[in-house]
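The next block holds one structure in the form of C-alpha cells; read it before the comments.
Values in this text are rule-based calculations from the coordinates and carry no lab data. Treat the numbers as computed from the prediction; the structure is a model and nothing was measured. Methodologically, a virtual Cβ is constructed for each residue, glycine included, from the backbone with ideal geometry; neighbour enumeration extends over all protein chains shown.
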Amino acid sequence: MAIKKIRRIKVHKVHKEGTGLLLTLFTILFLANLILFHTIGKGIVFYIVASVSAILFFLVLNFFRSPFRRFPFDSEGLVIAPADGTIVAIEEVMEKEILRCKCLQVSVFMSVFNVHANWFPVNGIIKHVSHNNGRFMAAYLPKSSTENERSAVVIETPYGEEILVRQIAGAIARRIVTYAKVGESCHVDEQMGFIKFGSRVDVYIPLDSEILVEMDQKVTGNQTPLARLDRSKLNPINV
C-alpha cells in the first residue's frame with residue numbers, strides 16, 4: 001500500500017508589534033468603504049476602492065507575520081542569521097562606535113516582503129544595548145550602518161567572544177524595537193526585536209571566524225548559519 005506524504009501547512013501568527021496597527025488600519029478601511037457604499041452604492045468606484053483597501057491590508061498583514069522557528073541543529077560555535085533577507089556586505093571593518101576593534105561585518109538587508117522579526121544570533125549574556133537617532137537613507141547603502149537610526153546589542157558568548165548586532169532603520173522604516181536588556185541571558189531561537197517597514201541588520205564577529213555565506217545569498221532568520229567562530233585557543237567561561 002502506498003503511503004501518502006502529509007503536507008505540512010505553515011501557519012504564521014501576527015507579530016505583537018503589528019496588532020495595534022492592523023486593528024486601526026482595518027477599522028479605518030472598513031469605515032471608509034462602508035461610508036462609500038452608503039454614499040454611492042455599488043459601482044466601479046466602490047469596487048476599485050474596496051479592492052485597493054483589501055490589497056493594502058493584506059500587504060501590511062504579510063509584513064507583520066511572525067513564523068515559529070527553531071534552529072534545527074546544535075548552534076554551539078555558530079553565528080546564526082538574525083533576520084530574513086539578502087547578504088549585502090561581507091567585509092573586514094574597523095568598528096569604531098562600540099567594540100573599537102577590527103571585525104568581520106556581515107549584513108542582511110530586509111525588503112518590505114521579508115519577515116521583520118530579529119533573532120539573537122548566539123547564546124550568551126547581553127553586555128550592551130544602545131540606540132542612536134539618525135538618517136533614514138536606503139538600508140542597503142554602506143553608510144546606513146553608521147548614519148541611519150540604529151540600535152546596537154553586544155552579546156558575550158560563553159567563550160568570551162563579543163558579538164555586536166546592529167538593527168538599522170531604512171528609507172521606509174521609522175521604528176526599531178529592541179527587547180534585549182543589559183545583564184540578561186539570551187539564546188538562539190529567542191527574538192531580539194523587530195524593525196518596521198524595510199531595514200537591515202549588521203553582525204560584527206571576530207576576525208578569525210569562518211564565513212559560511214556569500215554575497216547576494218538569501219538567508220532565513222534563526223535558520224541560516226552566517227559564520228563559525230574559532231574557539232581553538234579559547235576556554236569556556238560563565239558555564
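Along the stretch 22-27 the Karplus relation, 6.51 cos²θ - 1.76 cosθ + 1.60 evaluated at θ = phi - 60°, assigns HN-Hα couplings of 5, 5, 5, 4, 4, 4 Hz to successive residues, with x for each Gly and Pro. Taken one residue at a time, the phi angles of the stretch 112-127 give Karplus couplings (6.51, -1.76, 1.60, θ = phi - 60°) of 5, 8, 7, 5, 10, 6, 10, 10, 5, x, 9, 8, x, 10, 7, 9 Hz. Gly and Pro are set to x. In this structure the amide hydrogen of ALA89, modeled in the peptide plane, comes within under 5 Å of the amide hydrogens of SER107, none closer than 5 places in sequence on its chain.
Checking the Cα-Cα distances for LYS42/LYS196; LYS16/LYS181; LYS13/LYS127; LYS96/LYS181; LYS196/LYS218 against a 26 Å cut-off, the pairs over it are LYS42/LYS196; LYS13/LYS127.
Could you rank the peptides 210-218, 36-44 by their average count of other C-beta atoms within 10 Å per residue, with the highest value first?
Packing order, densest peptide first, comes out as 210-218, 36-44.
Taking the fewest neighbouring Cβ atoms within 10 Å as the starting point, the ordered list for ASP84, ASP208 is ASP208, ASP84. Converting phi to 3J(HN,Hα) with the Karplus coefficients 6.51, -1.76 and 1.60 and the offset θ = phi - 60°, the stretch 69-76 yields 9, 9, 5, x, 10, 6, 8, 4 Hz in sequence order, with x at every glycine or proline. Kirkwood hydrodynamic radius computed over the stretch 35-129 comes to 17.7 Å, based on all pairs of distinct alpha carbons.
Residues whose amide H falls under 5 Å from that of MET192, counting only those 5 or more places apart or on a different chain, are ASN118, TRP119, PHE120, with hydrogens built in the peptide plane.
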